[in-house]
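Coordinate-derived values only; no laboratory data. Note that the structure is predicted; figures quoted are calculated from it, not measured. Positions of Cβ are generated from backbone atoms using ideal geometry, with glycine treated the same way; all protein chains shown enter the neighbour counts.
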Amino acid sequence: VQLQASGGGLVQAGGSLRLSCAASGRIFSINSMGWYRQAPGKQRELVATITRGNTIYYADSVKGRFTISRDNAKNSLVLQMNSLKPEDTAVYYCAARTLDDDYWGQGTQVTVSS
């Protein structure tokens, strides 16, 4: 499984960004996908996940502001981020989980200015 993330950038607090993650390869083997983020000096943390059965999980810090979804026609994962805060600044990674392994995209920088 190969993952290619895009859509990061610089935005003012209160603004919005949309991240996309294109999946290729053995996508039929993917059970769940998600977004993680890592801020400078901090550990990588889970942002949101969605399973094959469309069960969705959000970290408390992003509930009500972020929306995760899948575009099955494009084999992609989307994270719509609204009402962004400076503390959302991080490198965002998409990930996919199969029965055998976890796969990671290359990361995309999101910077929210105050």
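Normalising by the residue count of the chain, find the relative contact order in percent from Cα pairs under 8 Å and 6+ residues apart.
Once divided by the residue count of the chain, the mean separation gives 37 percent.
Can you list the aspartates and glutamates whose alpha carbon is less than 16 Å from that of Lys42, not counting same-chain residues fewer than 8 positions off?
Here the aspartates and glutamates satisfying the reach criterion relative to Lys42 are Glu87, Asp88.
Rounded to the nearest 0.05, what FRET efficiency do Gln12 and Lys63 give with R0 = 25 Å and r taken as the Cβ-Cβ distance? Could you check?
The pair Gln12/Lys63 has a calculated efficiency of 0.70.
Of the residues Thr89, Thr55, Thr67, which exhibits the maximal mean-square fluctuation in a Gaussian network model of the chain defined by a 10 Å Cα contact cut-off?
In the Gaussian network model the winner is Thr55.
Cα to Cα, under 20 Å, and not fewer than 8 places away if on the same chain: which lysines meet these conditions relative to Lys63?
Lys85
Please give the length that would be gained between Ile56 and Gln4 if that part of the chain were fully extended, namely 0.36 nm times their separation in residues minus their C-alpha to C-alpha distance (nm, one decimal).
Value of the extension gain: 16.6 nm.
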